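All remarks here apply to the structure that follows.
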Amino acid sequence: MSTTASDTLIAPVPVGGPDLPQERRMVTSIPGPRSQELLARKAAAVAAGVGHTVPIQAVAAGGGVVVDADGNSLIDLGAGIAVTTLGNAHPKVVAAVQEQVAQFTHTCFMVSPYESYVAVAEALNRITPGSHAKKSALFNSGAEAVENAIKIARKYTKKQAVVAFDHGYHGRTNLTMALTAKSMPYKSGFGPFAGEIYRAPMSYPFRDGLSGADAARKAISIMEKQVGADNLAAVIIEPIQGEGGFIVPADGFLQDLQAWCRSNDVVFIADEIQTGFARTGAMFASELMGIEPDLITTAKGIAGGLPLAAVTGRAEIMDAAHTGGLGGTYGGNPIACAAAIAAIDVFENDGMIERAREIETILTSRLSQMKADDPRLGDIRGHGAMIAAEFVVPGTGDPDGTLTGAIAKACIAEGVIVLTCGTYGNVIRFLPPLSISDELLHEGLDVLAAALSAA
Ligand code: PMP
């Protein structure tokens, strides 16, 4: 009698969180039979536009691993795209969620306010860069936070135009698609896009060779000549670009842009959705870059994996929108807020910033060694636990997306979750949870090194 996948004897589903065995363990090839079953159901039931990177059925995660339904344990170097920065199912987040879910699950903050929403706003006002008076508003997703930051800036300045940057990524809703640079897969066929969005060149030291001041002059010239400060409500930029390739602008670029915005009544918005909450070895990347944005958008790491997002900024700007102009049914959901309060406490008090810097040391030293041995590794860059390797064709320096894709695929097949990014798809980004052990991180990098030599 033949056995089906569901008959196959495997270990019972483990409980997630930091107590999961911290090991890479491959008991089937990927995808194993149970994962294949789920992926077949996904193909039949879920819209084709919703893709996936790692062909598994995840059943538990914690520390530095994700465990699948077949019993494979994969090293997690992606943290669900920079979300589970504290580690998946962090015990303090789990406890806060369990307590809140039994208390009440929803009242709608716009109907019957509750304390945790206000506490999250107070915490964000306190921990974001700058000692000026701040206020916050909470939403569900990064894209929604970006949309609201633009609404607020337009209302405050009574102007309409917005400048975003080459390689920028701000989301998949209509306005945020317009802000996002890359057509495929984010925008292609989904237009028309929101109006009054303009694009300026990003400082990309590895490819443009410009100083921060020169790159800023170029961008400012476009803002002055093609848009006009009189029309410009806001400039929105990721202090370190995420999806666009972990591009770290040259020193002074962001400071010059911010100074120009200040003298021209333009709201300077830092999109810290990917860089925020200890990810870069500072609570916010703006601190590393020496800027104090007028508005800052956050999401991802904010609530230990629960959906929450925020706009935080200068009180006089945040208060420009009339009552009822901001909000949404679920924005600042009480369970997500309880998780965020617990998560922010861990970020502030459990050595997360220091841990991100330790991870930076391991990642950059190992990757720099690989780069010294292999000319296909063009650039290593980033901060904290947000580090990337850009792959090129030796000699020409042209982006090598094919090689990058092959390496990422080989890593996943060997049980290491890595994500790619970049306008040219030629960047592997490392975004491990800060709860990963040094040993697992090294093992993940060993697998990467082997995949690189084999490719
Ligand atoms: N901005 C940045 C910088 C991001 O990295 C992302 C998500 N990758 C977004 C906005 C959109 O966030 P969400 O997917 O939660 O809408």
Per residue convex hull volume, Cα only, the chain, in Å³ is 151
Starting from the Cα of ASP374, step 7 Å toward the Cβ, then list every residue of the range 414-440 with an amide N under 16 Å from that point. 414-421, 426-430
So what does PHE206 come to for accessible area, using a 1.4 Å probe and Å² rounded to 10? 80
Over all alpha-carbon pairs in the range 61-114, figure out the percentage whose distance exceeds 19 Å. 49
The distance between the Cα centres of the range 31-87 and the range 242-309, in whole Å, is 29
Total charge of the residues flanking VAL392 in space, meaning their Cβ is under 12 Å from its Cβ, with Lys and Arg +1 and Asp and Glu -1, is -2
Whenever you get a sec, line up HIS167, HIS322 from highest to lowest accessible area (probe 1.4 Å, protein heavy atoms). HIS322, HIS167
Using the basic label-point model (7 angstrom from Cα toward the beta carbon), what is the PHE193 to GLU354 distance in nanometres? 4.4
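With an 8 Å cut-off on Cα pairs and a minimum separation of 6 or more residues, tell me the relative contact order of the chain in percent.
On the way: 980 pairs, mean separation 95.5, N = 455.
RCO, the chain: 21 percent.
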With the Cα gyration tensor of the range 13-130 in hand, give its eigenvalues times 5 under a square root as the equivalent ellipsoid semi-axes, listed largest first in whole angstrom. 33, 19, 15
The ratio Rg/Rh over the Cα atoms of the range 92-349, Rh being the Kirkwood inverse mean 1/r radius, stands at 0.97
Given a 1.4 angstrom probe, what's the average accessible area per residue across the range 92-349, in square angstrom? 38
Need the C-alpha centroid separation for the range 152-191 versus the range 364-424, integer Å. 28
Taking a probe of 1.4 angstrom, what is the accessible area of CYS108 in Å², to the nearest 10? 10
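Heavy atoms only, 1.4 Å probe, whole protein assembly: order ARG154, ARG314, ARG279 by accessible area, highest first.
Numbers: ARG154 65, ARG314 45, ARG279 0 Å².
Greatest to least solvent exposure: ARG154, ARG314, ARG279.
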For the range 124-267: relative contact order, % (alpha-carbon pairs under 8 angstrom, 6 or more apart): 26
Applying 1/(1 + (r/R0)^6) with R0 = 30 Å to the Cβ-Cβ distance of THR402 and ALA213, what FRET efficiency is obtained, to the nearest 0.05? 0.25
Lysines whose Cα lies under 27 Å from that of LYS155, excluding same-chain neighbours fewer than 8 positions away: LYS134, LYS135, LYS187, LYS225, LYS300
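Provide the three semi-axes, in whole Å and in decreasing order, of the ellipsoid equivalent to the range 170-286 as defined by the square roots of 5 times the Cα gyration tensor eigenvalues.
Square roots of five times the eigenvalues give 21, 20, 14 Å.
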So what does GLU360 come to for accessible area, using a 1.4 Å probe and Å² rounded to 10? 50
Distribution of pairwise C-alpha distances over the range 301-345, 10 Å bins, in %: 26, 42, 31, 1
Can you compute the FRET efficiency between ARG25 and ASP438 using 1/(1 + (r/R0)^6), with r the Cβ-Cβ distance and R0 = 22 Å? Round to the nearest 0.05. 0.75
Under the √(5λ) rule applied to the eigenvalues of the Cα gyration tensor, what semi-axes describe the equivalent ellipsoid of the range 318-455? Give them in Å, descending. 35, 20, 14
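The values are calculated or read from the model by the stated rules, or taken from the named source; none is laboratory data. These figures come from a predicted structure and were not determined experimentally. Positions of Cβ are generated from backbone atoms using ideal geometry, with glycine treated the same way; all protein chains shown enter the neighbour counts. Keep in mind that these areas ignore ligands, DNA and RNA; they rest on the heavy atoms of the full protein, side chains included. Shrake-Rupley method; radii C 1.70, N 1.55, O 1.52, S 1.80 Å.
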